[in-house]
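Structure record follows, encoded as structure tokens.
The values are calculated or read from the model by the stated rules, or taken from the named source; none is laboratory data. Computed from a prediction, not measured in an experiment: that's the story for all the values here. With ideal geometry, Cβ positions are generated from the backbone for all residues, glycine too; neighbour counts draw on all protein chains shown. Protein only, heavy atoms only, side chains kept; ligands, DNA and RNA dropped before computing areas. Shrake-Rupley method; radii C 1.70, N 1.55, O 1.52, S 1.80 Å.
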Amino acid sequence: MVKKDSRNNVNNIGNNNGVRLCGGSADNKCALPSVGVSCVPLALLILALIVVVAVSGASTVQEHAPMILLLAAVAGVTVSLIATPQRSPLLIAKGVVRSARQVLPAVPILLLIGSLSATWMLSGVVPGMIDLGVKLMQPQWFLPMTCAMCAVVSIITGSSWTTIATLGVGFMGIGSVLGYSLGWMAGAIISGAYFGDKVSPLSDTTVLAASSCGVPLMRHISNLMWTSLPALCVALVVFGVASYNHTVVDGAQSREMVDALRATFNMSPWLMAIPALTAVLIVLRVPTVWVLAAGSVAGLAGMLVIQPQIVDALGGSDLMVALQAMFTGTELSTGNELLDSLVATGGMMGMFPTIMLVLSAMVFGGVLIGTGMLESITSKVTGRLRSPRSLVSATCGSGLFFNSVTGDQYLSIIIGGNVFREAYEDNHVCPTALSRTLEDSVSVTSVLIPWNSCGVTQSTVLGVATLSYLPYCVFNLCSPVMTLLLAFAGWKIKSLRREGSCRLADVPVPVASN
């Protein structure tokens with residue numbers, strides 16, 4: 001069964017990014033599969049994931065996800081060719097290309113994150129942060145302090161990825177010494193970093209969400225505060241209670257770990273010049289790729305100058321040995337088993353499983369777009385929307401859906417903005433509600449999905465499985481709930497009839513980059 005979308009809500013997915021899959025003289029090639037047919041690859045994906053969790057456990061999802069996503073993509077192509085033979089296969093390829101344009105810029109960033117993590121560990125930057133943090137931070141307030149500090153840094157930098165890859169890694173080490181579980185530590189770091197990223201005017205996702213919906217940036221951010229601040233307050237309270245009830249590790253054990261760090265690394269104050277340089281570059285709005293590259297080179301220099309004994313332990317004392325540590329995994333013996341696992345690094349090679357998962361999600365999302373399956377499902381949803389409550393609820397649910405099927409938050413924001421803009425205007429609802437809901441359901445939930453580029457990246461950087469830290473990401477879980485509560489209470493959802501300045505504007509959508 002084949003149908004056409006009379007409203008063409010998704011014909012211009014991507015707007016100025018050039019994603020136009022249907023329309024013009026080729027409409028006969030753009031027939032959409034039925035909703036039932038469109039759900040087949042999604043059903044296969046969900047069923048396969050359930051089987052993996054039931055048989056192997058949640059921690060193995062990311063290991064099996066690439067193959068599952070690719071098999072689901074093959075199923076989508078096969079079903080599409082059977083159900084809609086009049087649809088040109090070229091459109092499927094175009095869908096994958098459009099998805100690739102959004103996702104592929106993240107690959108060099110992922111590689112550089114692996115390099116930076118390795119050099120900052122082996123140069124002594126992260127061990128120095130752990131040593132300083134253990135001295136200064138109160139164990140009973142560790143989680144809320146971690147969340148708050150990550151939030152501040154992320155607001156300043158506008159990047160959750162950079163905050164987690166630098167400050168977050170240090171907090172993971174401090175928390176490990178203090179005896180906190182991996183899930184709680186990762187949850188506090190991610191909650192703070194994603195709050196700051198969400199409300200920062202320097203954040204690319206924040207700019208993208210406002211632009212996709214035709215909303216002025218600062219108006220978008222001010223409306224975000226109605227859901228983001230309450231969600232952050234809930235998170236801080238939860239983290240505060242968890243920290244207060246935390247059983248502090250034995251003081252002798254903590255001192256033993258710190259002593260092992262000091263015996264392995266030279267704790268020079270010059271080490272802090274490396275993160276300081278990185279912070280300066282971030283404040284100057286240097287592109288993320290160059291910030292991470294400069295941080296890696298600075299870490300490499302610190303490794304050669306300040307930690308020559310580490311280079312010797314790796315098998316030599318020359319530059320090639322240090323460079324090799326940036327690319328391959330390394331292990332050090334500190335005399336403490338817990339610290340040995342903490343200071344082990346994966347380098348760029350350690351990011352390859354992450355990259356494979358991101359690329360697999362890219363192919364799956366591109367197939368859903370190119371086959372018209374995503375358009376078929378979303379057009380069915382938007383055609384039934386009549387009230388602000390139903391609009392916000394559908395936008396929130398669709399945001400989670402887009403994040404799951406495309407594997408990329410930027411693509412999800414672009415699709416969501418284009419799918420729902422007309423529906424919000426037809427129902428006289430101010431687009432600020434749309435931009436806020438997209439942020440609450442897309443930007444902050446992307447890190448909770450194991451095969452999403454954000455979820456797999458932060459899981460790899462922090463060394464915690466996505467489904468293991470998910471229950472502890474309080475802010476990320478509360479944000480969609482807050483936006484739904486506002487909608488059902490009828491608060492902060494303006495009408496176009498009463499608010500003329502809310503009318504949609506034709507604001508060009510910028511090309512996103514991590």
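Accessible area of residue 262 (1.4 Å probe, protein heavy atoms only, ligands and nucleic acids ignored): about 110 Å². Per-residue 3J(HN,Hα) values for the range 65-73, derived from phi via the Karplus relation 6.51 cos²θ - 1.76 cosθ + 1.60 with θ = phi - 60°, read 4, x, 5, 5, 5, 5, 5, 5, 5 Hz in sequence order (x marks Gly and Pro). The residues of the range 71-172 expose, per residue, 33 Å² of accessible area to a 1.4 Å probe. Take the Cα of residue 327, step 7 Å toward its Cβ, do the same at residue 34, and the gap between the two points is 5.4 nm.
Sorting 333, 123 on solvent-accessible area from highest to lowest, probe radius 1.4 Å, gives 333, 123. Each residue of the range 273-285 was assigned a 3J(HN,Hα) from its phi angle through the Karplus curve 6.51 cos²θ - 1.76 cosθ + 1.60 (θ = phi - 60°); the sequence is 5, 5, x, 5, 4, 4, 4, 4, 4, 5, 4, 6, 6 Hz, with glycine and proline shown as x. Solvent-accessible surface (1.4 Å probe) assigned to residue 135 amounts to roughly 130 Å².
Here each label is just a point 7 Å from Cα along the line to Cβ, and for residue 301 and residue 56 those points are 4.3 nm apart. Across the range 471-477, coupling constants 3J(HN,Hα) worked out from phi with the 6.51/-1.76/1.60 Karplus curve, θ = phi - 60°, read x, 9, 7, 4, 4, 5, 6 Hz, and Gly and Pro carry x.
A simple packing score, the average count of other Cβ atoms within 10 Å per residue, orders the peptides 345-358, 477-490 as 345-358, 477-490, with the highest score first.
Rounded, prolate or oblate for the range 97-143? Axes are the square roots of the Cα gyration tensor eigenvalues, ordered a ≥ b ≥ c, and the cut-off for rounded is a/c under 1.5. The shape class here is oblate. Centroid-to-centroid, using Cα positions, the range 172-209 and the range 409-483 are 15 Å apart. When a 1.4 Å probe is rolled over the protein heavy atoms, the share of accessible surface on the range 127-210 that falls to carbon and sulfur comes to 75 percent.
Here the scattering of the range 431-477 is modelled by Debye summation over its C-alpha atoms, one equal scatterer each and no solvent; at q = 0.18, 0.32 Å⁻¹ the log10 of I(q)/I(0) is -0.53, -1.13. Per the Cα gyration tensor, the range 71-112 maps to an equivalent ellipsoid with semi-axes of 28, 12, 4 Å, ordered largest to smallest. Here r is the Cβ-Cβ distance between residue 88 and residue 43 and R0 is 30 Å; the resulting FRET efficiency, rounded to 0.05, is 0.75.
Amide H contacts of residue 429 (H built 1.01 Å from N, in plane; Pro and chain starts excluded): 496 sit under 5 Å, all sequence-distant by 5 or more or on other chains. Taking a point 7 Å from the Cα of residue 218 along the Cα-to-Cβ direction, the residues of the range 424-448 with backbone N closer than 18 Å to it are 432. For residue 220, the accessible area of its heavy atoms, probed at 1.4 Å with every protein chain present, is near 0 square angstrom.
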